[in-house]
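The values are calculated or read from the model by the stated rules, or taken from the named source; none is laboratory data. Worth saying up front: this structure is predicted, and the values here are computed from it rather than measured. Positions of Cβ are backbone-derived with ideal geometry, glycine not excepted, and every protein chain shown enters the neighbour counts.
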Amino acid sequence: MKLEIVIAGFGGQGIIKAGLIVGSAASLFTGLNACFVRSYGPEARGGACKAEVIISDEEIDYPKIEKPDVLVAMSQEGYEKYVEKVKEKGLIILDPDLVEPFKPGRIYKVPATRIAEKLGKKIVANVVMIGALTPLIKVLKPEDVENSLVRNVPPGTEKLNLKAFREGYEYGKISLKQKEPVRRINC
Amino acid sequence: MRRDVLTGEYFTEGDIACAEGAIAAGCRFFAGYPITPSSELAEHMAARLPEVDGVFIQMEDELGSMAAVIGASWAGVKSMTATSGPGFSLMQENIGLAIMTETPCVIVNIMRGGPSTGQPTKSGQQDVMQAKWGSHGDYEIIAVCPSTVQEMFDLTIEAFNLSEIYRVPVIVLGDEILGHLTEKLVIPQPEEIEIVERRKPPIKEGYSWFKFNPASIPAMASFGEGFKVYATGLTHDETGHPDMSPETQTKLVKYLCDKVRKNADRIVKYKEIMLDDAEIAIITYGSPVRSALSAVKRARKEGIKVGLLKLSIVWPFPEKIVKKVSEEVDTVVVLEMNYGQILREVQRVAGLERVKFLPKFGEDLHKPGEVLELVRRCKK
């Protein structure tokens, strides 16, 4: 098993943090191998931002991703930049309020930013997205991701983040049961 | 709870693993000037050193950083700095002073693309020859080349140990990809980590601070502990005092080189992977080892007999093993993120004809596919 995940969005959306949480869940809690490469440079806020996470039951040699199995898109620019690279049967998870998809495929729409806003903090949209991602990629147990989340978020924000994760997780689970691709958004 | 060795499992990046390795090795002084892509290392040391009664200083520049590192070491404290690109160039003069005064210290260079300001946020391995030859004068140096986050921890400890044993500055040659790569780091129990402590000489008159014998490198005195000790960048005799005679210059320079050259067999470190029946050998170090490993596994599935020689220490250059491996195969392939540096060392040992080279510039590592392609062409 080898799963290559690209998370793309704007700087400031917590894209890097999302990659770190997913990778650390796999590496430290699920007992799989994981490695994580973040985009680096002057794009700290506002610009394009990307996290690459590889999860595998074998040793990971080459740490970069050429053809992702999963693309999580939280910006139009991120979607457009990587959608063509996604494997043929790859998964595309996107925030429909931020991304207008143009390429047919296995698309799951997760209105993470809207869900986060309802929870009172737009900033946890990345965690909602991880929540939705967890049942969709199937390789991580939710409690492992929760443990990783608690380890990686600022002290005092655990409760809000766990709530955001669970909201996302439920949304992902429901999406999984629906016929792909999900066209309607119930939120 | 001990704060020097943070035993446990972490999902962290290379720069941080390197900093934790340094602290576990006993480093208690860091002087540096933050520079991309090594800044995370300095940042982490700034947070961690006060927890273990260490000192972090952000200096005015890299010249001062390297000078402070030497001073701290002479005060009896294991010391280090970290830098990249232009910062490494600025440190060269004082690295020479560390060599001449036989000062144990560690210099981490998280390599980026050059020359000059080059590519601050991208990776490269363009400073490998600079690590060897960057300062003026004849000398030998030790350079370790990690290729995983775990090795950033392990080989940093090794770097400190080697610098204490041989009283020589040791360079940790990382690169941007490794510095910012996040993967699992296991920090063992303190008693499982082998640490070489600073050897102290007996306090007495007439002790030879700089005995010019590569087989018996003298213990190092610290200032402020009652020793009468003199250290200078000038050519000096075995008492440490300046002596400009050709005899002393000959003895000193030979010694500075020979203490590394003659101990090379003990210093070098490498891994032979799937080389037993190999017809093609890839020789590489640092991040490209990962591309090479991936390519070797894929090529083996196609029935191509290819193996990998991973160099964990490039200086002193591990001539013996490179010679042995190159004699056993038909073709040697060198991978580097530069336009041919260690390549020349391999060619010197293996001969010009049988060595193929795959250079890489800019952001990316060698793609396993392109390494595989070259290996397939070698087979034909």
| query | Give me the pairs: first residue in the range B:302-329 and in the same structural domain as B:Gly351 (by TED's automatic domain parsing) and more than 19 Å from B:Arg377 (Cα to Cα), second residue assigned to a loop (DSSP other than H, G, I, E, B) and among the β-branched types (Val, Ile, Thr), beta-carbon distance under 6 Å, and six or more apart or on different chains, which are they? | reply | B:Ile313/B:Val268; B:Trp315/B:Ile141; B:Pro318/B:Val268
| said: Which of the helices (runs of 4 or more DSSP H) found entirely inside the range B:274-380 contain at least 2 residues meeting this: within 14 Å of chain A (Cβ to nearest Cβ) and not polar (S, T, N, Q)? | reply: B:288-301, B:368-379
| message | Return the pair list, or none, for Cβ contacts closer than 9 Å from residues in the range B:104-115 that are part of a strand (DSSP E or B) to residues that are surrounded by fewer than 24 Cβ atoms within 10 Å (Cβ to Cβ) and among the basic types (Lys, Arg), at least 6 apart or on different chains. | response | B:Arg112/B:Lys122; B:Gly113/B:Lys122
| request: For the range B:227-263, name all the residues that are of a type in the set (Ser, Thr, Tyr), closer than 22 Å to B:Val170 by Cα and surrounded by fewer than 17 Cβ atoms within 10 Å (Cβ to Cβ). | output: B:Thr232
| field | Pairs where the first residue, in the range A:24-40, is at the interface with chain B (Cβ under 7 Å from one of its Cβ atoms) and closer than 15 Å to A:Glu143 by Cα and the second is part of a strand (DSSP E or B) and not basic (Lys, Arg), C-beta under 6 Å, 6+ apart | value | A:Ser24/B:Phe11; A:Ser27/A:Ala34; A:Ser27/B:Phe11; A:Leu28/B:Glu9; A:Leu28/B:Phe11
| task | Could you list, in sequence order, all residues of the range B:9-62 that are hydrophobic (A, V, I, L, M, F, W, C) and in a strand (DSSP E or B)? | result | B:Phe11, B:Phe29, B:Phe30, B:Ala31, B:Val55, B:Phe56, B:Ile57
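The rows are residues; the columns are (1) closer than 19 Å to B:Ala159 by Cα; (2) free of Cβ contacts under 8 Å to residues at least 12 places away in the same chain; (3) more than 14 Å from chain A (Cβ to nearest Cβ); (4) among the hydroxyl-bearing types (Ser, Thr, Tyr).
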site: B:Ala24; (1), (2), (3), (4): yes, no, yes, no
site: B:Asp61; (1), (2), (3), (4): no, no, yes, no
site: B:Ser73; (1), (2), (3), (4): yes, no, yes, yes
site: B:Val77; (1), (2), (3), (4): yes, no, yes, no
| said: If a residue must be over 30 Å from A:Lys50 (Cβ atoms), modelled with pLDDT of 95 or more and among the polar types (S, T, N, Q), how many such residues does the range B:165-218 contain? | reply: 1
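Rundown of residues vs (1) more than 14 Å from every other protein chain (Cβ to nearest Cβ); (2) under 22 Å from the mean Cα position of the chain (by Cα); (3) not in a loop (DSSP other than H, G, I, E, B), yes/no style:
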| position | (1), (2), (3) |
| --- | --- |
| B:Lys184 | no, yes, yes |
| B:Arg198 | yes, yes, no |
| B:Ile217 | yes, yes, no |
| B:Gly224 | yes, no, no |
| Only one residue in B:Ala278, B:Ala219 is without any contact (Cβ under 8 Å) to a residue 24 or more places away in the chain, touching a Lys or Arg at 6+ places or on another chain (Cβ under 6 Å) and not assigned by TED's automatic domain parsing to the domain that holds B:Ile95, so which one is that? | B:Ala219
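With respect to A:Cys49, is the statement that it is at pLDDT below 95, closer than 23 Å to B:Leu365 by Cβ and outside any loop (DSSP other than H, G, I, E, B) true? Steps first, please.
Numbers: at pLDDT below 95: yes; closer than 23 Å to B:Leu365 by Cβ: yes; outside any loop (DSSP other than H, G, I, E, B): yes.
Against the criterion (at pLDDT below 95, closer than 23 Å to B:Leu365 by Cβ and outside any loop (DSSP other than H, G, I, E, B)), A:Cys49 qualifies.
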